[in-house]
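What follows is a single structure, written as structure tokens, with notes after it.
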Amino acid sequence: MHEIQTLGVGTELQRFFAAARLRASDYGDHYVALWDSLEQASSGGKRVRPALVLAAFTGLGGTDLTLATPVAVSFELLHTAFVIHDDVIDHDLARRGVANIAGRFAERALSHGAGDQAGAWAATAAILAGDLALSEAHRALAMLPVELELRGRLLDLLDRAVFISAAGELADVTNAASKHPLTVAQVVSTLEQKTAVYSFEAPLQAGAILAGGSDEVIGVLGAYGRLIGVAFQLTDDILGVFGDPEKTGKSVLTDLREGKQTTLIAHAGTTTGWPEIAPYIGKADLTEVEAATARDLLRACGALQAADELATDHLNRAVAALDTAAVPDPLREMLTTLAATAVNRSR
């Protein structure tokens, strides 16, 4: 799905970054390097959000991809902005083993003899790059050659996605300071706010709105998007502790060392096994052996099974939401397949 339907998105992004670099050349080499880094940050992903925009648009009878592609680009740039800012919040200099914008500008500071300012260069470049991506996400919709009312609906949708995601990001950070595990409901609410709305709900609804979809189908796609978005994140959190790093590209130590509040921890906190598990959660120098012990304890107390069952429940509810004549069969089939792949990922 992603490879076929998002080819135009990649072309449009290349065109955008080429024009931006040309403009940036008037403001010095560092600014050009910033745009180079921003383009790198926006490339290499699975383009899930653009694919969802285009799937909903074409699935509901839309045909003019010159209108749909900028909307798809908007949501890809929104994702890029959030990823960049998330790395700043987490003080990360790399993503999936490759230097991110902050990492590249920290290295740039060193190469320019400003090693004592590497941290400032890193944070400044990443914050500005995220701001630029977020600005263009809004501009792409604001310049769309459609009627004012339609443009307003799309901008409102994007604004809501940003507003709710910011609430989720703040909750994710403040939750980490809790001295006790959150409830499962609190964890799920944060996942929905931080990721599900902007990554799944809003892109699907944007495509549906652009295609002239009914209020019913827009609501159905929104419900599906929220549910499958949570299911996807629940699975990500499981893989963050029990996954195979060679397959996921993610360490199975980081979440435990940081004491990340996941449904695994939320469930474990309600069991008699928690006092034995607690010392391993948030232990900054957690070893591989200790992590293996923590995983065994999480299995034994039923946390892994509970998290798996919760993800599956969200998947099933997402698929059930599509069971309406308002959703055309081809679109329903595609989204049902997506739901399965969101949860059934090898670990």
Problem set entry | Top-ranked residue of region 68-86 - restricted to ones that are among the hydroxyl-bearing types (Ser, Thr, Tyr) and farther than 15 Å from Arg160 by Cβ, ranked as farthest from the chain's Cα centre (by Cα) | Thr69
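Restricting to helices (runs of 4 or more DSSP H) lying wholly in region 230-295: which have 3 or more residues that are modelled with pLDDT of 95 or more? Don't jump to the end; show me each part of the working.
Numbers: elements: 245-248, 254-258, 263-268, 274-277.
In region 230-295, 263-268, 274-277 are the helices (runs of 4 or more DSSP H) which contain 3 or more residues that are modelled with pLDDT of 95 or more.
One line per residue, one yes/no per condition, for (1) open to solvent by 40 Å² or more (accessible area, probe 1.4 Å); (2) not β-branched (Val, Ile, Thr):
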{"residue": "Asn175", "(1), (2)": "no, yes"}
{"residue": "Lys179", "(1), (2)": "yes, yes"}
{"residue": "Thr183", "(1), (2)": "yes, no"}
{"residue": "Pro203", "(1), (2)": "no, yes"}
{"residue": "Ala206", "(1), (2)": "no, yes"}
{"residue": "Ile209", "(1), (2)": "no, no"}
Seminar exercise, completed: Subset of region 272-306, residues more than 21 Å from Leu182 (Cα to Cα), of a type in the set (A, V, I, L, M, F, W, C) and open to solvent by 30 Å² or more (accessible area, probe 1.4 Å), comes to Val289, Ala292
For this session: Determine whether region 27-43 contains at least one residue that is of a type in the set (Ser, Thr, Tyr), surrounded by fewer than 22 Cβ atoms within 10 Å (Cβ to Cβ) and closer than 22 Å to Ile228 by Cβ.
Result: no
Problem set entry | Residue within region 64-73 that is surrounded by 15 or more Cβ atoms within 10 Å (Cβ to Cβ) and of a type in the set (S, T, N, Q) present | yes
Exercise. Which members of region 92-131 meet the condition of being within 19 Å of Phe82 (Cβ to Cβ), open to solvent by 70 Å² or more (accessible area, probe 1.4 Å) and touching a strand residue (DSSP E or B) at 6+ places or on another chain (Cβ under 9 Å)?
Worked result: Leu93
Problem set entry | Cβ-Cβ under 6 Å pairs, at least 6 apart or on other chains, region 296-307 side over 8 Å from Leu264 (Cβ atoms), far side assigned to a helix (DSSP H, G or I) and open to solvent by less than 30 Å² (accessible area, probe 1.4 Å) | Leu297/Ile277; Cys301/Ala268
Seminar exercise, completed: Selection from region 307-340 of residues open to solvent by 40 Å² or more (accessible area, probe 1.4 Å) and more than 24 Å from the chain's Cα centre (by Cα) yields Asp323, Ala325, Pro328, Asp329, Pro330
Exercise. On the given criteria, is Leu256 more than 20 Å from Asn316 (Cβ to Cβ), without any contact (Cβ under 8 Å) to a residue 40 or more places away in the chain and open to solvent by less than 50 Å² (accessible area, probe 1.4 Å)?
Worked result: yes
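The values are calculated or read from the model by the stated rules, or taken from the named source; none is laboratory data. As the structure is a computational prediction, the values presented were derived from the model and not from experiment. All Cβ positions, even for glycine, are placed from backbone atoms using ideal geometry, and neighbour counts span all protein chains on display. Heavy atoms of the whole protein, side chains included, go into the accessibility calculation; ligands, DNA and RNA do not. Shrake-Rupley method; radii C 1.70, N 1.55, O 1.52, S 1.80 Å.
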